[in-house]
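Down below is the structure, laid out as C-alpha cells.
The values are calculated or read from the model by the stated rules, or taken from the named source; none is laboratory data. These numbers come from a predicted model, not from an experiment. So basically every Cβ, Gly included, is an ideal-geometry build from the backbone, and we count neighbours across all protein chains shown.
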Amino acid sequence: MDERQQPDPDSPQDEARVSARQQRLSAARRERRARREASEAREDSAREGARRGSAPRRGLKRSVVNAIRQIPSYIRLLIGLFGDRRVSPVDRFMVIAAAAYIISPLDFIPDVIPFLGEVDDVFLLMLSLQRLVERAGYDTLLDHWRGDPRELEDLNLAGIVAAAGFFLPSRLRRRLRKMAGHRD
C-alpha cells in the first residue's frame with residue numbers, strides 16, 4: 001500500500017498558500033471592477049456632454065469607425081481563438097456567439113442602417129474581447145492577432161466600448177453587456 005502524506009490543512013505552509021491565492025483573486029476582482037467602473041464613467045461623461053447640448057466628439061465616432069474597419073480582422077481573431085485549447089469551453093461558446101452576432105443580418109440595430117448598424121456589433125465584439133483578455137490572457141489573443149498589438153490593449157478596448165456605448169441606447173447597452181457575460 002502506497003503511503004503518501006496528505007497535506008495538513010492546518011499547516012502554516014498550506015494556510016500561506018491559500019491566503020496568497022485568495023489575495024491574488026481578490027486583487028484581480030478589484031482590478032476588473034476598477035476597469036469596468038472607469039469604462040462606465042467614460043460612457044456617462046460622454047452621454048452627459050451630449051445632454052448638455054454639445055455634439056458628440058469627433059474622436060468617439062472616429063474610434064468606432066476605425067473599429068468597424070477592423071471587423072474582418074476581429075472575425076479572423078475570433079475564429080483563431082475558437083480553435084485554441086487555452087480558451088475555456090465557455091469562452092469558446094462566447095467567441096462563436098459574438099462572431100455569429102456580428103455576421104448575422106439580424107441584430108438589435110440592423111446592419112443596413114449606416115454606421116449605427118455596426119455600432120452594436122463593435123460594442124459586443126469589444127466586450128467579448130475584454131472578457132477574453134481577462135480570462136484567456138493577452139498573450140493568447142496576440143498569438144492569433146495579425147494587426148497592431150496596441151489595438152488589443154485593455155485601455156484601447158475599453159475606449160472603443162465607451163465610444164460605441166455613447167451611440168447606443170442605455171437599455172441596448174445593458175442587453176449587449178449581459179450577452180457578453182459582463183455584469184452591470
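Worth a mention:
Let's see how each residue does on (1) under 18 Å from residue 79 (Cα atoms); (2) hydroxyl-bearing (Ser, Thr, Tyr):
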| position | (1), (2) |
| --- | --- |
| 109 | no, no |
| 113 | no, no |
| 128 | yes, yes |
| 136 | yes, no |
| 140 | yes, yes |
| 143 | yes, no |
| 166 | no, no |
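- Taken together, 109, 102 contain a single residue that is not in a helix (DSSP H, G or I) and not charged (D, E, K, R), which is 109.
- Qualifying residues in region 154-184 (those that are assigned to a helix (DSSP H, G or I) and of a type in the set (Gly, Ala, Ser)) - the one farthest from the chain's Cα centre (by Cα): 170
- Considering (1) crowded, with 18+ Cβ neighbours inside 10 Å; (2) closer than 17 Å to residue 71 by Cβ, the lone condition that residue 162 does not fulfil carries the number (2).
- Of the residues in region 122-129, at least one is of a type in the set (Phe, Trp, Tyr), within 16 Å of the chain's Cα centre (by Cα) and under 17 Å from residue 36 (Cβ atoms).
- If only residues of region 20-54 that are among the hydrophobic types (A, V, I, L, M, F, W, C) and farther than 26 Å from residue 151 by Cα are counted, the one that is modelled with the highest pLDDT is 20.
- Criterion: at pLDDT 85 or above and over 14 Å from residue 63 (Cβ atoms) - qualifying residue of 84, 184, 111: 84
- For the residues 151, 134, the requirement of being surrounded by fewer than 19 Cβ atoms within 10 Å (Cβ to Cβ), at pLDDT below 85, part of a helix (DSSP H, G or I) and not aliphatic (A, V, I, L, M) singles out 151.
- Test: residue 85 is part of a loop (DSSP other than H, G, I, E, B) and surrounded by fewer than 16 Cβ atoms within 10 Å (Cβ to Cβ): yes
- Considering (1) touching a helix residue (DSSP H, G or I) at 6+ places or on another chain (Cβ under 6 Å); (2) modelled with pLDDT of 85 or more, the lone condition that residue 71 does not fulfil carries the number (1).
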